[in-house]
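Below is one structure, written out as structure tokens; the observations come after it.
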Amino acid sequence: MAKRDYYEVLSVTRTATEVEIKKAYRTLAVQHHPDKNPNNPEAEDKFKEAAEAYSVLSDSEKRSSYDRFGHQANAQGAGFDPGYSNIEDIFDMFGFGDMFGQRQGRRTTVQRGSDLRYDLEITLENAATGKDEKLRIPRLEKCDECNGSGAEKGTTAETCITCAGSGQTRYQQGFFSVMRTCANCNGAGRIIKSPCKKCKGQGRIEKEKTIEIKIPAGVETGSRLRVTGEGEGGVNGGPAGDLFVVLHVAEHERFERQGANLYSAVPVTFAQAALGAEIKVQTLDGEEDLKIPSGTQTGTVFRIKANGMPALGGRGKGDLFVAVTLITPKTLSKEQRKLLEQLAEIEDVDFTDESFIDKVRNIFS
Ligand SMILES: [Zn+2]
Ligand SMILES: [Zn+2]
């Protein structure tokens, strides 16, 4: 799916002020917040989309490079996660962190696990056929000893008295009230008196997990596969993050790829090019016969249909384009030399031929 324009996402003009951008984002964030839309992936996507747009447009440096270069601008430098993994932060910066604090004072204690990125290199052949792959991923998982609570078996964490479990305390300053992280529980909202020994009270432990993924045929470098719920485990029973597998298709020694089409070169001798011939052309998964007509010039490109890459998630295949390259022999047998000498005596090339003159022009232009 193509990325939407950030201004369009936030429904603001390209000249919108910082305040307008903030206001627009706030409206969207409240509307699509996952807490208000449980089990609604569409709302979650919208929420993330808005957060990503805001993270760029609220930063004057990122915004100006986005204005000039579009999505390309921040794609490389900004890292993988545009900063929405910790959704709580976004609200804290507006100072209305308590807005969603109505779920029995547990706002800060439940957190979604981080998304994980896994870079995987595959061959062009595998990209063409698709592949089942097993990945070994080290990650933080919910501790099974304490079921993620961090408290030793048979005990429970106690709600922090200072903040009544919200993890934040209100600090009054004149007309304004400011929310601050509770100093008694460090924002956790609860205090663990006897921590679980296995995870040392963290509620999560590092484990290596083998995950099987199906790489569909037709993927390209940069294709991302999302494996829902296979990222890091959540904190205090929060949902796990997602795993993103980012694919890199290795360069191939024979084929160059552009979208669904493949490009390569095939050598022919002078005799084959002059007389015409049926030659064998290497394809990604075998060989194809190619008829070249008599009088074929070096550099002529032939198309071998449906021998390119498959379309991702769709039907049909691209084509293979091969450029015929005339090979001059470096050594000659006695007989070859004799025949070529005979040919040289009688051959007659028209150097005033238009196409030849064009070629010369192209070499030096
Ligand atoms: Zn534990
Ligand atoms: Zn507290």
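Each of Arg112, Arg63 has its accessible area taken with a 1.4 Å probe; listed largest first, they run Arg112, Arg63. When only the Cβ of Lys, Arg, Asp and Glu is charged (+1, +1, -1, -1), the dipole of the chain relative to its Cα centre reaches about 1900 debye.
Ranking of Glu251, Glu20, Glu345 by solvent-accessible surface, largest first: Glu251, Glu345, Glu20 (1.4 Å probe, protein heavy atoms only, all chains present).
What a 1.4 Å probe finds exposed on the chain is 50% carbon and sulfur by accessible area, rounded to a whole percent.
Note on Ala217 and Ala265: the extension gain reaches 14.9 nm, defined as 0.36 nm multiplied by sequence separation minus the Cα-Cα distance. Look at the dipole of the stretch 145-287 built from charges on Cβ: of Cys185, Ser223, Ala260, the Cα furthest out on the positive end belongs to Cys185. Beta-bridge orientation, the stretch 248-365: approximately 70 percent antiparallel, per DSSP, counting only bridges with both partners inside. Taking Cα atoms only, the orientation of helix 18-32 departs from the longest principal axis of the chain by about 80 degrees. Largest GNM mean-square fluctuation among Gln168, Gln258, Gln72, using the chain with Cα springs under 10 Å: Gln72. For the stretch 19-61, relative contact order (Cα pairs under 8 Å, six or more residues apart, normalised by length) works out to 44 percent. When Rg and the Kirkwood radius Rh are both evaluated on Cα atoms of the stretch 187-280, their ratio Rg/Rh stands at 1.38. For His248, the solvent-accessible surface with a 1.4 Å probe is about 70 Å², rounded to the nearest 10.
When the chain is treated as a Gaussian network with alpha carbon springs shorter than 10 Å, the biggest mean-square fluctuation among Ala24, Ala274, Ala265 belongs to Ala274. Using a cutoff of 8 angstrom between alpha carbon atoms and counting only pairs six or more residues apart, the relative contact order for the chain works out to 14 percent. Largest accessible area first, the listed residues Ile191, Ile304 line up as Ile191, Ile304 when surface is computed with a 1.4 Å probe on the assembled protein chains. Summing +1 for each Lys or Arg and -1 for each Asp or Glu among the other residues whose beta-carbon sits under 12 angstrom from that of Leu120 gives +2. Binning the alpha carbon pair distances of the chain at 20 angstrom intervals from zero yields the distribution 20, 38, 23, 14, 5, 0, expressed in whole percent.
Between Ala16, Ala157, Ala250, the residue with the greatest mean-square fluctuation in the GNM of the chain (Cα pairs under 10 Å linked by springs) is Ala16. Global dimensions of the stretch 1-47 from alpha-carbon coordinates: Rg and Dmax equal 11.8, 35 Å. Accessible surface for the stretch 209-365, divided over its residues, is 66 Å² per residue with a 1.4 Å probe.
The values are calculated or read from the model by the stated rules, or taken from the named source; none is laboratory data. Predicted model, so just to flag it, every value in this text is computed and none were measured. Positions of Cβ are backbone-derived with ideal geometry, glycine not excepted, and every protein chain shown enters the neighbour counts. Accessible surface is based on the protein model in full, side chains and every heavy atom, while ligands, DNA and RNA are left aside. Shrake-Rupley method; radii C 1.70, N 1.55, O 1.52, S 1.80 Å.
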